[in-house]
Each structure stands twice: as structure tokens, then as C-alpha cells.
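Below is one structure; the comments refer to it alone.
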Amino acid sequence: MTIHVLTGDDLLDNFLEGMLEGSIAINRECLIEGPTRVNSLKEFWNIRESYLSEVYPESEINYQDDVAFEFEKLDNLTEGDEVNLWFEHDLFCQVNLWFTLTLLQNKNISIYRVYPLEDDLKDLWYGFGPMSPEELLKCYDNRKLLSKEDLKLGNDLWQAYASNDHYALEKLSDSKSKAFPHLKEVCKAQIDRPGRPEKVLQEIMNKGTTSFNKVFEKFSEAAGIYGFGNTQVRKIYDQLLK
């Protein structure tokens, strides 16, 4: 069995239907915010559901059916199966990737990382969004097979992130792996994160840009490494307007 784990519904809309074999699982979590340190997977799903339903009460997503269930598809993997992890380079996607890798530990399967190929670094944080099916297929053709060392690194990164251990995260950021090509920058973004997105947004608004769409555009240009979507930026934006 082959399964493609996609980083959100936006990628699904432009995915390679009919061009690649395999089933699909969609990562709809946003682990870049909210509680992450728990003692069991069951507790994890419950605490994440409680947090997201409280912070985003307007969301129509049913956590157990639309989020946890997608991850649980990975429980059905057996020896010899293949997983393709379609995750972008930004912090939002990396944190979700690290967590996903913890679910794949100790499985005798082939695990690949598929990531955006960008020649121009200024486009690095835009991810799969602007890509055509042909460009996505090129990314797939350049996928990286994860080694046991890569899997351990992913697990260690998640543990450091979930426990807010900046010392461990900084140490791990020096690791060399083709599966995590921009690890140094991403870990630094997390370490520097307390207050930084708010500061960037405030500076944009102080210069006279107040329309949310324009603010979001400028924030994505200035701090795209965080990978924040409309939802995350809107929350900060609304708080700054109070």
C-alpha cells in the first residue's frame, strides 16, 4: 500500500489525481499553536480537540472525524508499505511533519519526504501553493528516502518542540540531513518566535497598512518562514486592533 500524507486541503485541490498511485491522508492540524505535551496519543487528540474548539469555535471541522481520523490512517500500514510525506519547509509544516514522523516510528516501511523545489530563495516559503501539477510531479520525482537517523531526528525535534526545549532544538538544528534541508533556519525561527510575529505585524500596521488582506500579504513576505495562514495572522491582527 502507498499513502500520500498532504500538508492541508489546499494541496489536495491541486494534487496529482490520476498521476500517482496510492491513497491520501490530509494533515489538518496546526501544531504550531496550542498544547502539545501529553502522556499518551489518546490524551493528545483530546487536548488538541479541546484547544481548537475553544480558540476557533466558528470552525466547521469535526476534530475526531476530520483531523484525528486522517492521522489514524497511518495505523493501517504494514511491512513493505510506502508513505510519501508532502510537507513544506516553513515552521508550520515542519512541526506537523515532526509529529507525523513520531507516528511512523518502528514500522518496517519506506518513508519519503516530498518538498518544494525552489531555485529562488525568496520563493522558498511559498511552498506547494503556486505549483502546477507538472511542478508537483517534479517534486515527487526528487523525493528523499528517510533513514533511521532521519526518523530519530524527526522524533527528537518533536520532543524538543513539544517540551519547549530551546536548548535541545538549537543543538538539533546543527544536524545534517537531506530530509530537513532548512532545519537551521526553521529552528531559529521557533527559538526567536516569542513576540516576533506580533512585532512584525505591528511594524506593518504602524506604517499605515491596516487592511487585513494587505497586512497578511506583507506579513507573508516578511515572516514567511513561520508559514502562518489567514487564521493565525488574523488572530494576532485582531488582538493588535484591540
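The values are calculated or read from the model by the stated rules, or taken from the named source; none is laboratory data. These numbers were taken from a predicted model, which means no experiment stands behind them. All Cβ positions, even for glycine, are placed from backbone atoms using ideal geometry, and neighbour counts span all protein chains on display.
Structure values in brief
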quantity: Options Leu77, Leu31, Leu41; residue that is under 21 Å from Asn155 (Cα atoms), modelled with pLDDT of 95 or more and surrounded by 13 or more Cβ atoms within 10 Å (Cβ to Cβ); calculated: Leu31
quantity: Qualifying position, being surrounded by 16 or more Cβ atoms within 10 Å (Cβ to Cβ) and not basic (Lys, Arg), among Asn106, Asn155; calculated: Asn155
quantity: Unmet requirement for Asp90, which otherwise passes all of (1) out of contact with any helix residue (DSSP H, G or I) (no Cβ under 8 Å at 6 or more places or on another chain); (2) surrounded by 14 or more Cβ atoms within 10 Å (Cβ to Cβ); calculated: (1)
quantity: Meets criteria (farther than 22 Å from Asn108 by Cβ and assigned by TED's automatic domain parsing to the domain that holds Pro130) for Glu17; calculated: yes
quantity: From Pro130, Pro116, residue being without any contact (Cβ under 8 Å) to a residue 24 or more places away in the chain and in a loop (DSSP other than H, G, I, E, B); calculated: Pro130
quantity: Residue count for region 22-58, restricted to those that are assigned to a loop (DSSP other than H, G, I, E, B) and of a type in the set (Ser, Thr, Tyr); calculated: 3
quantity: Considering residues of region 89-113 that are in a loop (DSSP other than H, G, I, E, B) and over 17 Å from Phe180 (Cβ atoms) only, the residue modelled with the lowest pLDDT; calculated: Asn106
quantity: Tally of residues being of a type in the set (D, E, K, R), within 14 Å of Ser110 (Cα to Cα) and part of a loop (DSSP other than H, G, I, E, B) across region 59-82; calculated: 2
quantity: Glu221 vs. criteria in a helix (DSSP H, G or I) and either at pLDDT 95 or above or aliphatic (A, V, I, L, M) (or both); calculated: no
